[in-house]
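Let me begin by handing over the structure; questions about it come next.
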Amino acid sequence: MMVEERPSSVAPGRPGSSVYPTSPISDGAKGIATGSEVEWEPLVDFRRNDVSENTIHGAVAWAHGTEIIHSFGGNVLCYGRSMMKPILMKAFVDVLDPVLNSKQKAIACSSHNGDTEHVATAQSILTESEWGLMQCPLDVPLIQFGRQVRRPRRWFHTCSGEHAAMLRALRLKGFNRAGYTLPQSDWFPLFLDSMRRLMGEPNWEPKRVAKDGCGLPTVSNTVNELAMMFAGLAAEKDQDWIWESMCKHPDLVGGFNRLDSTIIKGGEGMVLAKEGADGLLGLSVIHEDYPKGLGITIKIAHGWNSQATWYVARAVLGVLGIELRNPYPLHRQKAFIVPGVVPPELLDRLERVVTWDEWDPNSDRWLYDWRKYSNPFTGEGTHE
């Protein structure tokens, strides 16, 4: 009997090696673009004295209701990750509404930093006797100040509020809580139904369902589809508690200096924002020009880059008249937005959303012609 040889980081034929791909340079699965086939677009350019040093690629999609009104790389397939928490909670809004307060509802939709208030609010959703049911991974706080926490706990995990709320909701619905992190759990079809409704596609099926970092299922969508669902959040703003609770407690959604929390504060009740792992940001906007709800999704190609995402978010919100401060400045570089991140009719507004502050020094160059004070040639070469 011939045994198929597979590459192994341990030794050929060792147990477990057969579960890995057959090659590290595999072309990927049929029908799913990977590597150089993925049609990313440039979003923002970091330049030092006019020379581009970093070009951040990704995708941006705008949806008005279920209609895509602008797509810049929006056909890229990705996973919605934690950006989908407000949509996942749609499956539980009915049973959780009478039993959770507004802070508990906000933490249910959060990817929090793991500070004291976050942990206390998440823990308050369950009785202490139920804490052992939590299956999110052990972790330390995402952002720490002062004395550092080094002992991992499930409650520090950025998704602990979501897991606690799910466990509470599953009990109220009479669903089995054993195996709640698996896609065959009773709540998962309800989540898929919410996605279909928000996209206006009742027969939609995901190409892939994968295991997210916290262990729950995460569903593959195009960036365009994600934008449609966030437009739906705006359209359904007054139908449940999700919008109100997140806007009322923005610091529970993310935390100190987090992009989504900062956007929600600046939006003054008219913008819902939710970050997702590996460079995702979803924006749901109430705007008079978009009566069916406006959804905007930003995806960074190489994964998490808070400065790049922040610059793009400031640009797309700025053309809508919504103020978002600049991120912390780059080090001796300047950021330049690629025009394709906004619809063509809004380009004139984009030029007025500057990526620097008035006090920023012009620190990426010398403010004189250095050639006047130095000969660029040593005399060994020829110079005419």
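The values are calculated or read from the model by the stated rules, or taken from the named source; none is laboratory data. Predicted model, so just to flag it, every value in this text is computed and none were measured. Because the Cβ atoms are built from the backbone with ideal geometry, glycine has one as well, and the counts that use them run over all protein chains shown.
Considering every residue within the range 66-81, establish whether at least one is in a strand (DSSP E or B), over 25 Å from Thr181 (Cβ atoms) and either among the aromatic types (Phe, Trp, Tyr) or at pLDDT below 95 (or both).
yes
In the range 172-194, which residues are in contact (Cβ under 8 Å) with a residue 24 or more places away in the chain and either in a loop (DSSP other than H, G, I, E, B) or touching a Phe, Trp or Tyr at 6+ places or on another chain (Cβ under 7 Å) (or both)?
The answer is Arg177, Tyr180, Thr181, Leu182, Pro183, Trp187.
Limited to the range 292-329, what total is found for residues that are part of a helix (DSSP H, G or I) and surrounded by 21 or more Cβ atoms within 10 Å (Cβ to Cβ)?
10
Follow-up. Please work out if Leu142 is within 20 Å of Gly303 (Cβ to Cβ), touching a helix residue (DSSP H, G or I) at 6+ places or on another chain (Cβ under 9 Å) and at pLDDT below 95.
yes
For the range 142-163, which residues satisfy the criterion of being touching a Cys at 6+ places or on another chain (Cβ under 9 Å), among the hydrophobic types (A, V, I, L, M, F, W, C) and buried (at least 24 other Cβ atoms within 10 Å of the Cβ)?
Cys159
From the set of residues in the range 263-287 that are in contact (Cβ under 8 Å) with a residue 40 or more places away in the chain and surrounded by fewer than 21 Cβ atoms within 10 Å (Cβ to Cβ), which is nearest to His57 (Cα to Cα)?
My answer is Asp278.
So, one more: List pairs: first residue in the range 120-137 and buried (at least 16 other Cβ atoms within 10 Å of the Cβ), second residue of a type in the set (Val, Ile, Thr) and at pLDDT 95 or above anywhere in the structure, Cβ distance under 8 angstrom, at least six positions apart or on different chains.
Qualifying pairs under 8 Å: Thr121/Ile107; Ala122/Ile107; Ile125/Ile107; Gln135/Thr181.
Kindly check whether there is at least one residue in the range 272-287 that is within 25 Å of Gly232 (Cβ to Cβ) and among the acidic types (Asp, Glu).
Among the residues of the range 272-287, at least one is within 25 Å of Gly232 (Cβ to Cβ) and among the acidic types (Asp, Glu), which makes the answer yes.
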